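Enquirer: Before I ask anything, let me first share the structure, which is written out below as structure tokens.
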Amino acid sequence: MEQLLHYVWKHRLFPLKPLQTTAGRPVEILDVGIANCHAGPDFFNAKIKIDGVLWVGNVELHVRASDWKRHGHAADPAYDSVILHVVSEADRTVCRTDGTPVPQLVLPVPPRVLEGYRQLLQSDRYPPCCHILPELPRLVVHDWLASLRLERLADKTGQLEQLAVAYSQDWEHVFFVSLARSFGFGVNADIFERWAKTIPLAALAKHRDRLVQIEAVFFGHAGLLQGAPADAYMGQLQQEYAYLCHKFGLQPPTVGHWRFLRLRPNNFPHVRIAQLACLYHRGQGLLSQLLEADGLSQWQALLKGGTSDYWVTHYTFGPPTEARPKSLSRKAIDLLLINTVVPFLYAYGKWRIDESLCERAKALMEELKPEDNHIIRMWQECGLKVEHAGDSQALIQLKKNYCDLKKCLYCRFGYAYLKAARQP
């Protein structure tokens, strides 16, 4: 309910009758202030007249007035600047650290808004605002999706910046870990990331010209070379892995259990690791090539990859299967571009203070086709037009960071829903 009170205050949904404090002093709201997303009072720099006297300061909101003391504000000097305490229920008086009382205003939530909010939270349909989406102005939809797209890029950029700090700004290593995670394609994403963090790239760089040794380390560190060899090639990789572990003092890590259930053979971890090994083998200076690539077709060609000859007839170690090349599909390549290259270009551009890289990342997103998954299909069924990958990324952000968390009051679609609900 406190979020709803924030919504009512921010959008000035005040009663038609004159406002007054719990002490009976008239209140005039000139400016509700600026919403604060961090620690401290809820709204900064509000302008309020109380009994004809202009006050400029901060506003705090609570469901009950007693929450003021319960949250520790009575002993916190940061709240001495509060000029008005807005509540749904004034169950006690509140004071600043020096004992002076804080004026309080009981602000009721309009019944139509309250009912609309309950419908959003309790609706059996998902998303609950689906019936209003086709009626929204195109500009409203476009602006909200553009904001969500940048929000998702910012989230991914933050994750890459943390990796860069962990690897002392070694962006080659950051790119490898990020790319490996994307090679998990959702199901094995976490374990691929953990695995990639164990790969000794500095040592392996000395053997980058020998694909068999790259595969030995990749499969060995993935825990996929354990036990009796299933065939001669696995035995060869075991020997190479033992040699390289001795040479570089490597210890086989424990990365977890790979998932195979309900995966198509082309998505088996063995195949994905073989593709990544081939890409690493062929792609000396891959990061530089990606940064210099101009146009979608060049980026797609760089990531196409392939595998060693052994994997043309194998999905795992053991008996051969029908010969099928294991190069990445166009759809898989586009997913790598969306989930790895775009956020990396954006993060790297921010780090280098190179706006052109950031702009190329945003342009590439609009050049790629939208993703096709259950989240995107859900929004399309609601009447939203998804034109490119930027739109699909925005809608994924919307579902995961707003719809799933019931943050309808922070969503522009939710705002439109409640705006329609409060119309007589």
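Enquirer: Could you pull out the residue among D309, D354, D334 that is under 23 Å from the mean Cα position of the chain (by Cα) and either over 24 Å from R181 (Cβ atoms) or free of Cβ contacts under 8 Å to residues at least 12 places away in the same chain (or both)? Walk me through it before giving the result.
Expert: Values: D309 fails: under 23 Å from the mean Cα position of the chain (by Cα); D334 fails: either over 24 Å from R181 (Cβ atoms) or free of Cβ contacts under 8 Å to residues at least 12 places away in the same chain (or both).
Result of the check over D309, D354, D334: D354.
Enquirer: Among the listed residues E387, E381, E366, which satisfies the condition of being over 18 Å from Q289 (Cα atoms) and touching a His at 6+ places or on another chain (Cβ under 6 Å)?
Expert: Working: E387 fails: touching a His at 6+ places or on another chain (Cβ under 6 Å); E381 fails: touching a His at 6+ places or on another chain (Cβ under 6 Å).
After ruling out the rest, the residue left standing is E366.
One line per residue, one yes/no per condition, for (1) within 16 Å of V109 (Cα to Cα); (2) outside any helix (DSSP H, G or I); (3) outside the structural domain of G99 (by TED's automatic domain parsing); (4) of a type in the set (A, V, I, L, M, F, W, C):
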{"position": "A23", "(1), (2), (3), (4)": "no, yes, no, yes"}
{"position": "I29", "(1), (2), (3), (4)": "no, yes, no, yes"}
{"position": "H38", "(1), (2), (3), (4)": "no, yes, no, no"}
{"position": "P41", "(1), (2), (3), (4)": "no, yes, no, no"}
{"position": "K49", "(1), (2), (3), (4)": "no, yes, no, no"}
{"position": "V56", "(1), (2), (3), (4)": "no, yes, no, yes"}
{"position": "L61", "(1), (2), (3), (4)": "yes, yes, no, yes"}
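Enquirer: Restricting to the stretch 5-39, and then to whatever is loosely packed, with under 14 Cβ neighbours inside 10 Å and among the small types (G, A, S), can you tell me which residue is nearest to A74 (Cα to Cα)?
Expert: Result: A39.
Enquirer: Where in the stretch 258-304 are there helices (runs of 4 or more DSSP H), lying wholly inside it, with at least 3 residues that are under 20 Å from K197 (Cβ atoms)? Write out each step before concluding.
Expert: Numbers: elements: 269-282, 286-292, 296-303.
Fully inside the stretch 258-304 and qualifying: 269-282.
Enquirer: Test L237 against the stated conditions and say whether it is touching a Gly at 6+ places or on another chain (Cβ under 9 Å), closer than 15 Å to Y280 by Cβ and either hydroxyl-bearing (S, T, Y) or part of a helix (DSSP H, G or I) (or both). Talk me through it step by step, then tell me what you get.
Expert: Details: touching a Gly at 6+ places or on another chain (Cβ under 9 Å): yes; closer than 15 Å to Y280 by Cβ: no; either hydroxyl-bearing (S, T, Y) or part of a helix (DSSP H, G or I) (or both): yes.
Considered against the rule, which asks whether it is touching a Gly at 6+ places or on another chain (Cβ under 9 Å), closer than 15 Å to Y280 by Cβ and either hydroxyl-bearing (S, T, Y) or part of a helix (DSSP H, G or I) (or both), L237 comes out as no.
Enquirer: Filter the stretch 119-132 down to residues that are in contact (Cβ under 8 Å) with a residue 60 or more places away in the chain and either surrounded by fewer than 17 Cβ atoms within 10 Å (Cβ to Cβ) or β-branched (V, I, T) (or both), then give me how many there are. Don't jump to the end; show me each part of the working.
Expert: Taking the stretch 119-132 as the starting set, the residues that turn out to be in contact (Cβ under 8 Å) with a residue 60 or more places away in the chain are 119-121, 126-130, 132.
This time we only want the ones that are either surrounded by fewer than 17 Cβ atoms within 10 Å (Cβ to Cβ) or β-branched (V, I, T) (or both), so: 119, 121, 126, 132.
Matching residues across the stretch 119-132 total 4.
Enquirer: What are the pairs with Cβ atoms under 8 angstrom where one residue, in the stretch 186-198, is more than 27 Å from D372 (Cβ to Cβ) and of a type in the set (S, T, N, Q) and the other, located anywhere, is at pLDDT below 95 and surrounded by fewer than 17 Cβ atoms within 10 Å (Cβ to Cβ)? Sequence gap at least six, or different chains.
Expert: So the pair list comes out as T198/P253.
Enquirer: On to the next question. Which of the residues spanning the stretch 82-118 are more than 17 Å from T21 (Cβ to Cβ), surrounded by 15 or more Cβ atoms within 10 Å (Cβ to Cβ) and of a type outside the set (V, I, T)?
Expert: Applying the first criterion (more than 17 Å from T21 (Cβ to Cβ)) to the stretch 82-118 yields 97-99, 109-118.
Keeping just the survivors that are surrounded by 15 or more Cβ atoms within 10 Å (Cβ to Cβ) gives 109-110, 112-114, 116-117.
Result: P110, R112, L114, G116, Y117.
Enquirer: Still on this structure, please answer the following. Collect the residues in the stretch 384-421 that are within 16 Å of R138 (Cβ to Cβ) and of a type in the set (G, A, S), keeping them in residue-number order. So that I can check it myself, show each step before the final result.
Expert: Going through the stretch 384-421, the residues within 16 Å of R138 (Cβ to Cβ) turn out to be 384-388, 390-391, 394-395, 412-413, 416.
Scanning the stretch 384-421 gives G390, A394, A416.
Enquirer: Does F185 qualify as being in the same structural domain as C278 (by TED's automatic domain parsing) and either at pLDDT 95 or above or over 16 Å from the mean Cα position of the chain (by Cα) (or both)? First the steps, then the outcome.
Expert: Numbers: in the same structural domain as C278 (by TED's automatic domain parsing): yes; either at pLDDT 95 or above or over 16 Å from the mean Cα position of the chain (by Cα) (or both): no.
No, not satisfied.
The values are calculated or read from the model by the stated rules, or taken from the named source; none is laboratory data. All figures in this text were calculated on a predicted structure; none of them were measured in a lab. Note that we place each Cβ from the backbone using ideal geometry, even for glycine, and neighbour counts take in every protein chain shown.
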